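Engineer: Have a look at this one.
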Amino acid sequence: MSQAFPTAKFIKDENGNTYNYVNGRYVVLQEYIESESHVNHDLPDSLLFQAAEILAQLHEILIGYNLPVEMDVMWVKEFSVSQTYAKYDYLLDFAQNVEDKAIRYKISEDLIFKKGLIKLIKPYGEYFDKLIYKSTHGDYNSMQYLCAGDIIKAIIDFASAKKIPAIWEIMRSYMQSASDTKDPFDFDVSKFCEYVRCYMRFSALTEFDLKYMPYVYLYQLGRSGYGYKEYMTDAKSKDEFLKFAFWRTDVCRMLLNKADEISAKLTAL
């Protein structure tokens with residue numbers, strides 16, 4: 001990766017290796033960078049818009065990198081309405097074992113809502129073969145930024161690097177970083193458009209990408225039940241899993257109401 005890109009450099013061992021396989025795990029050592037980090041939905045606007053520009057620069061740097069492709073046409077073809085119904089029905093049945101009545105009701109309410117989304121979002125799969133795919137970080141959000149004041153000094157954790165629709169990474173990174181998205185119903189369309197505009201200063205998107213960005217993001221979220229099963233089966237961090245699942249479903253509710261508005265304002269950029 002270009003030395004101009006803000007990331008921590010790997011340190012080589014005495015044999016010149018940047019990684020070693022130790023006790024069944026790959027171990028790497030990177031230089032220490034004096035910095036601070038932010039949790040999700042806690043990024044100041046000055047850093048937020050800078051992050052959009054850095055993401056675009058990363059996409060340009062990674063042109064030609066042979067990364068695994070995900071969220072492609074084959075992934076779309078694998079989407080089955082009946083199988084997704086069955087998955088949500090299974091989770092609904094499983095939710096009846098939750099002891100807390102309020103949580104049990106909320107999980108059931110969310111899953112019933114997501115079942116209602118399935119037929120609505122299925123046609124959105126047709127957009128994927130016309131999207132721009134770019135090699136990218138894969139988990140780009142405020143928790144991966146090392147900051148100092150109003151400067152992002154480095155981007156870390158490229159373990160999820162892959163080639164996916166650029167607009168998915170753009171919208172997801174905003175949704176998980178911006179302060180107005182902690183409650184998805186506070187989503188600021190104009191601020192998000194500015195985030196996309198900052199990105200486009202350094203890397204191109206097509207009018208098609210801009211038009212269908214919110215629908216593509218809704219398509220991926222709508223078909224995913226991530227968080228609910230983890231809450232009901234994982235003893236560790238279960239409350240965080242559930243919080244994230246609730247948030248993602250509220251993002252779906254918000255997009256269901258605002259996707260047309262977001263699309264219109266993006267295509268006007």
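Engineer: Here are some residues: Asp188, Asp209, Asp150, Asp180. Which one is modelled with pLDDT under 95 and not hydrophobic (A, V, I, L, M, F, W, C)?
Structural biologist: Asp150
Engineer: Next question. Search the range 44-64 for residues that are within 15 Å of Lys153 (Cβ to Cβ) and open to solvent by 10 Å² or more (accessible area, probe 1.4 Å) and pair each with any residue that is among the aromatic types (Phe, Trp, Tyr) and at pLDDT below 95 when their beta-carbon atoms are under 7 Å apart and the residues are at least 6 apart or on different chains.
Structural biologist: That search, which allows pairs on different chains as well, returns Gln57/Phe5.
Engineer: Let me ask something else. What do you reckon, is Asp239 part of a helix (DSSP H, G or I), over 30 Å from Ala56 (Cβ atoms) and either open to solvent by 80 Å² or more (accessible area, probe 1.4 Å) or of a type outside the set (Val, Ile, Thr) (or both)?
Structural biologist: Yes: the conditions hold for Asp239.
Engineer: Right, next: From the set of residues in the range 167-218 that are of a type in the set (Phe, Trp, Tyr), assigned to a helix (DSSP H, G or I) and open to solvent by 10 Å² or more (accessible area, probe 1.4 Å), which is nearest to Met71 (Cα to Cα)?
Structural biologist: Top of the filtered list is Trp168.
Engineer: What number of residues within the range 26-36 are open to solvent by less than 80 Å² (accessible area, probe 1.4 Å) and either more than 12 Å from Tyr145 (Cα to Cα) or of a type in the set (Gly, Ala, Ser) (or both)?
Structural biologist: Residues meeting the conditions: 5.
Engineer: What are the residues in the range 107-125 that are open to solvent by less than 50 Å² (accessible area, probe 1.4 Å) and among the basic types (Lys, Arg), if any?
Structural biologist: Lys114
Engineer: Sticking with this structure for a sec: For residues in the range 1-25 being among the hydroxyl-bearing types (Ser, Thr, Tyr) and either touching a strand residue (DSSP E or B) at 6+ places or on another chain (Cβ under 9 Å) or at pLDDT 90 or above (or both), which is surrounded by the fewest Cβ atoms within 10 Å (Cβ to Cβ)?
Structural biologist: It comes out as Tyr21.
The values are calculated or read from the model by the stated rules, or taken from the named source; none is laboratory data. Not measured: the values here are computed from a predicted model. Here Cβ is always computed from backbone atoms with ideal geometry, including for glycine, and neighbour counts include all displayed protein chains. Accessible surface is based on the protein model in full, side chains and every heavy atom, while ligands, DNA and RNA are left aside. Shrake-Rupley method; radii C 1.70, N 1.55, O 1.52, S 1.80 Å.
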